[in-house]
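Below is one structure, written out as structure tokens, with a few remarks after it.
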Amino acid sequence: MNNPGLLPFAVLSNTSSKNNQLQSVASLIDSIADRRTQSNVMASAAILAGLVLEEEVIQRLLRRDIMRESVIYQSIMVEGRQEGRQEGKEETAREIAVNLLKEGLSLELVVKATGLTIDVVQQLQTAQSENQKE
């Protein structure tokens, strides 16, 4: 508990109360003078605590405002945003493909227009046909 770099691991130690251990870790992290170190240790502690504690407990005990300054946290957020954008693009492409299929365009043209694979477009076409039967 005397080495800031090891604080994130404390909650993984053999202790009778992981919640109390994380609370102690949070207090020690709050006392770290260097803001960058503090934010990185806080984010690391949150990630490792997620292995043994519920998210609600972690959020209650660790300060999110400090974690947000961490390069680790920032990296995770950027990656999440990129994944979200990609999923949004794929969902939009699927919706466009369904509309094009409804208009009677060929599979090849739908693939070309949306960038989806032929397999995905065929699955959408099959799903559309099944929906029309119902």
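Read-outs: derived from the displayed coordinates by stated rules, not from any lab. Here the structure is a predicted model, which is why all the values come from computation and not from measurement. For neighbour counting, all protein chains shown are included, and Cβ atoms are generated from backbone atoms with ideal geometry for every residue, glycine included.
Miscellaneous remarks
- Pairs are defined by a Cβ separation below 6 Å, a sequence spacing of at least 6 or placement on different chains, a first member in segment 24-40 that is of a type outside the set (F, W, Y), and a second member that is surrounded by fewer than 16 Cβ atoms within 10 Å (Cβ to Cβ) and assigned to a loop (DSSP other than H, G, I, E, B); the pairs so defined are S39/E69.
- Selection within segment 56-79 - in a helix (DSSP H, G or I) and either in contact with a strand residue (DSSP E or B) (Cβ under 7 Å, 6 or more places away or on another chain) or not aliphatic (A, V, I, L, M) (or both): E56, Q59, R60, R64, D65, Y73, Q74, S75, E79
- Subset tally (residues that are under 15 Å from the mean Cα position of the chain (by Cα) and surrounded by fewer than 21 Cβ atoms within 10 Å (Cβ to Cβ)) for segment 28-43: 0
- Residue selected from segment 80-126 under the condition within 31 Å of the chain's Cα centre (by Cα) and outside any helix (DSSP H, G or I), by the criterion surrounded by the fewest Cβ atoms within 10 Å (Cβ to Cβ): T117
- When each of E130, E69 is tested for being farther than 24 Å from M42 by Cβ and not polar (S, T, N, Q), the lone residue that passes is E130.
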